[in-house]
1. Answer with yes or no whether Val178 is in contact with a strand residue (DSSP E or B) (Cβ under 9 Å, 6 or more places away or on another chain), closer than 15 Å to Gly48 by Cβ and either part of a strand (DSSP E or B) or among the β-branched types (Val, Ile, Thr) (or both).
2. Which one of the conditions (1) at negative phi; (2) touching a helix residue (DSSP H, G or I) at 6+ places or on another chain (Cβ under 8 Å) does Asn13 fail to meet, given that it meets all the rest?
3. Against the definition (buried (at least 16 other Cβ atoms within 10 Å of the Cβ) and either part of a helix (DSSP H, G or I) or in contact (Cβ under 8 Å) with a residue 40 or more places away in the chain (or both)), how does Val187 come out, yes or no?
4. Of all helices (runs of 4 or more DSSP H) completely enclosed by the range 191-300, which ones contain at least 1 residues that are modelled with pLDDT of 90 or more and in contact with an Asp or Glu (Cβ under 6 Å, 6 or more places away or on another chain)?
5. Within the range 158-166, is there a residue that is of a type in the set (S, T, N, Q), at pLDDT 95 or above and in a strand (DSSP E or B)?
6. Out of (1) at pLDDT below 95; (2) within 24 Å of Gly50 (Cα to Cα); (3) not in a strand (DSSP E or B), what's the single condition that is false for Asn311?
7. Just to be sure, is Ala213 out of contact with any Gly (no Cβ under 7 Å at 6 or more places or on another chain) and either at positive phi or buried (at least 18 other Cβ atoms within 10 Å of the Cβ) (or both)?
Amino acid sequence: MKDYSNYSLLKHNTFGMDVKAKRYVEYNSEEELQQLILTLEGDVLHIGGGSNLLFKDDYAGTVLHSAILGIELTDENEDEVLVRVGAGVVWDDFVAWAVARGYGGVENLSLIPGEVGASAVQNIGAYGAEAKDVIALVEAVDLQSGEKRCFGVAECDYAYRQSIFKKGLRGKYAITYVTYRLQKHPVLKLEYGNIKAMLADKANVTIADVRQAIIDIRNAKLPDPKVQGNAGSFFMNPVVSHEKFLSLQKDYPQMPFYEVEGGVKIPAGWMIEQCGWKGKSLGRAGVHDKQALVLVNLGGATSEEIITLCNTICCDVKEKFGIDIHPEVNLV
């Protein structure tokens, strides 16, 4: 176990905010976490890879990070496998592991930054797939009592970028393991983005082909946080009623959209671009020039500058389209 005081979080947030935690602890097992809980005082924040955080200031409490690793096949039949993965495993390492073995279900989630534990909290999603589609079981430890609890997927109350761990149980549990249900005979999802076009000339498309196509797409349009601070997609894509969508479509017939449960999803990045923000900036905070959904630290930006840019964009989108967009990034 690593236990530090007055610890810099610069390496633990992809926006590049140079803030400190009063205490930072990294644990390697459920048992270490349960022992650690007895020593916790004040506010507690559990982080993963820091790819979905914007620190507004130093953190006056304890920051926890899981170093629980391991990928284990726990059950299988002719059609499926169950794979138990430690919360500290890098998400894309797990995706690569699954694809290399021909196990389908997570290939569309390739190259999403962060760790396995966060996949169960955030219900990460991309290119027509979401973590909830493959999660079978979530193991967690109560940060008050130290008791272990297992959540079936139905108990996790998953929705678009939401879960019970972000709502009713926010900050109350630390995820330790996630078990995924993967397919031995994968059903490919090629409808979103440019995947189908990129694979049009390929016969007998495999999940490895899909993974590589998505990696290529993401690398082409998303900035590397090691080079330019960012948290990936800063905003969630809003879901509007069919009535609202039809009204907008009259004015914007080229507007991209996706039919989803409960309405129609409209890409926030497209709306931000229509408002003229793509490639523009306010001070040292900017909008990426290849993907308007991404806000970037142009160098030395403060959290206040990024939040000001965020709020300005939200107001412009509301004024132009009558739609509220909200950050996907957690402000701490």
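1. Values: in contact with a strand residue (DSSP E or B) (Cβ under 9 Å, 6 or more places away or on another chain): yes; closer than 15 Å to Gly48 by Cβ: yes; either part of a strand (DSSP E or B) or among the β-branched types (Val, Ile, Thr) (or both): yes.
Answer is yes for this residue.
2. In the conditions (1) at negative phi; (2) touching a helix residue (DSSP H, G or I) at 6+ places or on another chain (Cβ under 8 Å), Asn13 misses (2) alone.
3. On the way: buried (at least 16 other Cβ atoms within 10 Å of the Cβ): no; either part of a helix (DSSP H, G or I) or in contact (Cβ under 8 Å) with a residue 40 or more places away in the chain (or both): yes.
Here the answer is no, as Val187 does not meet what is asked.
4. Working: elements: 195-198, 207-221, 242-251, 268-274.
Answer list for the range 191-300: 207-221.
5. Within the range 158-166, none of the residues are of a type in the set (S, T, N, Q), at pLDDT 95 or above and in a strand (DSSP E or B).
6. Result: Asn311 fails condition (1) only.
7. Values: out of contact with any Gly (no Cβ under 7 Å at 6 or more places or on another chain): yes; either at positive phi or buried (at least 18 other Cβ atoms within 10 Å of the Cβ) (or both): yes.
Here the answer is yes, as Ala213 does meet what is asked.
Here's the yes/no breakdown for (1) at negative phi; (2) buried (at least 18 other Cβ atoms within 10 Å of the Cβ); (3) hydrophobic (A, V, I, L, M, F, W, C):
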{"residue": "Ile124", "(1), (2), (3)": "yes, yes, yes"}
{"residue": "Asp133", "(1), (2), (3)": "yes, yes, no"}
{"residue": "Ala140", "(1), (2), (3)": "yes, yes, yes"}
{"residue": "Ala154", "(1), (2), (3)": "yes, no, yes"}
{"residue": "Gln162", "(1), (2), (3)": "yes, no, no"}
{"residue": "Gln183", "(1), (2), (3)": "yes, no, no"}
{"residue": "Ala200", "(1), (2), (3)": "yes, no, yes"}
{"residue": "Lys221", "(1), (2), (3)": "yes, no, no"}
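The values are calculated or read from the model by the stated rules, or taken from the named source; none is laboratory data. Because the structure is a prediction, the values reported are computed rather than measured. Glycine gets a Cβ as well: all are built from the backbone with ideal geometry, and neighbour counts include every protein chain shown.
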